[in-house]
Amino acid sequence: MELAYYSDYAVRLVNSEDPARGQDPLTSVEAVRDLFGAGQEAGRRATDADVTRFRSVRARLRAVFEAADQGDETLAVNLLNSLLLEFPVSPQISGHDFRDDDGRPLWHMHLADHPSNATAGYAAIAAMGLAFHLTEYGVDRLGLCEAAPCRNAYLDTSTNRSRRYCSDRCATRANVAAYRARKRLEADRSASSGRTADTAQRTAASGER
């Protein structure tokens, strides 16, 4: 498993809430376990206490994305460093059960956590994954969706640093909204021009009399 993969943990947790709509499904142990993904043994350690702890870590991870989105690189890095200090991991070489065509282990880097609870384990790999993404691609590659009211987090891996939305759905919605706004503006301008022309004609006719 590549270290960059772990950054998805951060995005997954941040996007478990929709603050613009006041929606937060992270209210149960089952919701916490779902964040780990199917078949993840670590998620089975989750208890009721992890619900509150997960929400706390989520707020701190969102703060990292918000700082990056506002162009405050130093704050984004400081916030992420505080998470890394609080939730450390140990990088290890792992082969798991994966083999190549010759039967040799497919060695790769793995983040081994030593958590006291499920939250600590999840936060450790989420923070480390986000740190690898930040240092590899830059702070400006951490974004928040521009399609109002959505403010989902995303990781920009585009070649030209052009990503602005968390999903194709939001991109389409934003483009449609922009198109409709342009059409309304054009209609307003056309109506205004028509009214101006009518006024000018009335004024000219009055002068002729």
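The values are calculated or read from the model by the stated rules, or taken from the named source; none is laboratory data. Since this is a predicted model, take the numbers as computed values, not measurements. Backbone-built Cβ (ideal geometry, glycine too); neighbour counts: all protein chains shown. Heavy atoms of the whole protein, side chains included, go into the accessibility calculation; ligands, DNA and RNA do not. Shrake-Rupley method; radii C 1.70, N 1.55, O 1.52, S 1.80 Å.
Computed quantities for the displayed model
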| read-out | value |
| --- | --- |
| Considering residues of the stretch 150-162 that are modelled with pLDDT of 90 or more and not in a strand (DSSP E or B) only, the residue surrounded by the fewest Cβ atoms within 10 Å (Cβ to Cβ) | ASP156 |
| ARG99 vs. criteria open to solvent by 70 Å² or more (accessible area, probe 1.4 Å), within 22 Å of LEU155 (Cα to Cα) and touching a Leu at 6+ places or on another chain (Cβ under 7 Å) | no |
| Filtered residue count, the stretch 64-105, keeping only those that are over 19 Å from TYR9 (Cβ atoms) and of a type in the set (Ser, Thr, Tyr) | 1 |
| Flag for PHE87 being buried (at least 20 other Cβ atoms within 10 Å of the Cβ), modelled with pLDDT of 95 or more, among the aromatic types (Phe, Trp, Tyr) and within 24 Å of the chain's Cα centre (by Cα) | no |
| Lone unmet requirement of (1) buried (at least 19 other Cβ atoms within 10 Å of the Cβ); (2) within 25 Å of LEU142 (Cβ to Cβ) for ALA46 | (2) |
| Residues of the stretch 163-186 classified as open to solvent by 60 Å² or more (accessible area, probe 1.4 Å) and part of a loop (DSSP other than H, G, I, E, B), total | 2 |
| Verdict on LEU75 being modelled with pLDDT of 80 or more, in contact with a helix residue (DSSP H, G or I) (Cβ under 8 Å, 6 or more places away or on another chain), over 22 Å from PHE36 (Cα atoms) and open to solvent by 40 Å² or more (accessible area, probe 1.4 Å) | yes |
